Amino acid sequence: MYQVVRKLFFTDCQCAEYASKTYDDLFAKLDTNKDGKVDVSELKAGLAAMGIKTGKGAAQKMVSSGDKDKDDGLDFNEFSNYLKEHEKKLRLTFKSLDKNNDGRIDFLEIKQSLADLGIDISKDEAQKILNSIDVDGTMTLDWNEWREHFLFNTATNLQEIIRYWKHSTVLDIGDSLSIPDEFTEEEKTTGMWWKQLSAGAMAGAVSRTGTAPLDRMKVFMQVHSTKSNTISLVGGFKQMLKEGGVASLWRGNGINVLKIAPETAIKFMAYEKFKKMLSSEPGKVKTHERFMAGSLAGATAQTVIYPMEVMKTRLTLRKTGQYTGMLDCAKKILRKEGVKAFYKGYVPNLIGIIPYAGIDLAVYESLKNFWLARYAKDSANPGILVLLGCGTLSSTCGQLASYPLALIRTRMQAQASLEGSEQMPMNLMVKKILQKEGFFGLYRGILPNFMKVIPAVSISYVVYEHMKSSLGIQK
């Protein structure tokens, strides 16, 4: 029976009429109760009886993906349409892996494809992946073997690795300095990338709004807290509530949310451009090239939207009645301080991208590679807890390294709005803080900053998953 299925599906015949006939034959075999549709249990039992191995939950995913009328089963049209669409996606993936276009994939091409995604594996590990798919023992994969292995599985190993291990798109902890995520050729061709970025932007907006009071407290402590004027978490919130009521806890949140969309779009476009410019070989991006491209993309995005960063700090720290809104804030800064004021703190902000992005990328890739090497047996899906844990830990390490520069940036942005505040450049400000407050003076506000990490990550992940479902992004 298994050989019959191979003949049905894995010949090189491109005839649409013949393909329709083979789909019809297979559908008839799977529809055991002859009710005109194939449900999950029939699909699972039928494929198992034919000797076709499927991944965990693959039958359910196939039915969910192809079931357009939501009747918990696939009729013939839904069944054949699903297989045709899935085969197109498999062809795209096969072509992207076949680096030398010889119609076959070897273990070196698998190793290189993973390296292009920032995942370094040994030759032995690449060989293992190839051996798990190689049916005829030629040590290479042709299109038929590739299609045979993956047609009844909802993702390929490489697609899963990219899809499941998205980092910056999924998690938003208030900082936007991480390296952008990679997208597969399939995601770029089908337009799925913009849906994922949109889902990430919405997740970021809800997450930032939910943790805005802690973010305002962080900025408040960064600017006002000193050795002689210690501000506690409870004392700070009491002060804010007394001065402006409950609504004051969300000051500066509007512009913080507003800047997500332009920053995400600019960073993504710049990243794709820089990758092409910096790659030593066309279509191949090494880890250090990815880091450089990501850092330059982050710097480009920050340069364009930086005036919004300055306004965010000013609006966050404002007293009741100081500004009527964003436009009023921009007008007053321009009138009193000139255009240069919109780029105060720009240098430490730019320098901060390097340690944040570098450490975030290094820690995340190390944790990802460790998990894939140690625990990825049947699937590259790490599960929610592992993904959130890796993302949270790597981002926290990046924040720790760049936090002193973030504090200097915030103080420089706020200087002119504080009465009696001395205007000083970055080097003198660092020197003054170290002299008067010591090394830990550079970490004022770190407590509320860390307190918002877990709720921010949790909120952004939940919203991202809901947005994926709403936008029709395959899980």
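The values are calculated or read from the model by the stated rules, or taken from the named source; none is laboratory data. Values in this document were obtained by computation on a predicted structure and should not be read as measured data. Neighbour counts run over all protein chains shown; Cβ positions are idealised from the backbone, glycine included. Surface accessibility is based on the protein's heavy atoms, side chains included, excluding ligands, DNA and RNA. Shrake-Rupley method; radii C 1.70, N 1.55, O 1.52, S 1.80 Å.
Observations
- Taking amide H as placed 1.01 Å from N in the peptide plane, the amide H of L74 sits under 5 Å from that of V38, D39, each at least 5 places away or on another chain.
- Across K123/K468; K37/K195; K37/K88; K368/K432; K88/K468; K84/K267, pairs whose alpha-carbon gap is larger than 29 Å: K123/K468; K37/K195; K368/K432; K84/K267
- Simple label model, 7 Å out from Cα along Cβ direction - A416 to D136, nm: 7.1 nm
- Once the Cα-Cα distance is subtracted from the 0.36 nm per residue extended length, the V339 to Q423 segment shows a gain of 28.6 nm.
- Protein accessible area in the stretch 293-444, 1.4 Å probe - carbon and sulfur %: 65 percent
- Residues R147, R335, sorted by accessible area with the largest first, give R335, R147 [1.4 Å probe; ligands and nucleic acids excluded].
- Under 19 Å from K340, Cα to Cα: lysines that are on another chain or at least 8 residues apart: K312, K331, K332
- Highest average first, the peptides 349-360, 231-242, 297-308 ordered by how many other beta carbon atoms sit within 10 Å of their residues are 349-360, 297-308, 231-242.
- Whole-number accessible area per residue in Å² for the stretch 229-270, which is evaluated in the context of all protein chains at 1.4 Å: 50 Å²
- Which of S295, S417 is most accessible, then next, and so on - probe 1.4 Å: S417, S295
- Theoretical FRET efficiency, 1/(1+(r/R0)^6), r = Cβ-Cβ of S41 and L108, R0 45 Å, to 0.05: 0.60
- Accessible surface comparison of M217, M292, probe 1.4 Å, protein chains only, largest first: the order is M292, M217.
- For the peptides 80-90, 336-346, the ranking by mean Cβ contacts within 10 Å, running from highest to lowest, is 80-90, 336-346.
- In terms of its alpha-carbon gyration tensor, the stretch 292-365 comes out prolate; a/c meets the 1.5 threshold, and the first ratio a/b outweighs b/c.
- Amide H contacts of K286 (H built 1.01 Å from N, under 5 Å, at least 5 apart or other chain): S280
- Across the stretch 385-392, rounded Karplus estimates of 3J(HN,Hα) from the backbone phi angles (6.51 cos²θ - 1.76 cosθ + 1.60, θ = phi - 60°) give 5, 5, 4, 5, x, 5, x, 5 Hz, Gly and Pro being marked x.
- Estimated distance in nm for a label pair at N77 and K188, the labels positioned 7 Å out from Cα along Cα-to-Cβ: 3.5 nm
- The stretch between I454 and H288, if pulled fully straight at 0.36 nm per residue, gains 56.8 nm over its current Cα-Cα span.
- Working note: Karplus 6.51/-1.76/1.60 with θ = phi - 60° gives the stretch 319-336 the couplings 8, 4, x, 5, 10, 8, x, 4, 4, 5, 4, 4, 4, 5, 5, 5, 5, 7 Hz, where Gly and Pro are set to x.
- Alpha-carbon Rg/Rh ratio, for the stretch 204-282, with Rh computed the Kirkwood way: 1.23
- Surrounding net charge for F440, when Lys and Arg each add one and Asp and Glu each subtract one, Cβ distance under 15 Å: +3
- Across the options N369, G338, S402, the greatest Cα extent toward the positive end of the charge dipole of the stretch 334-411 (unit charges at beta carbon of Lys, Arg, Asp, Glu) belongs to G338.
- Note on T230 and K432: the extension gain reaches 71.0 nm, defined as 0.36 nm multiplied by sequence separation minus the Cα-Cα distance.
- Stokes-Einstein diffusion of the stretch 352-444 at 10 °C, 1.306 mPa s viscosity, Kirkwood radius from Cα pairs, rounded to a whole number: 101 µm²/s.
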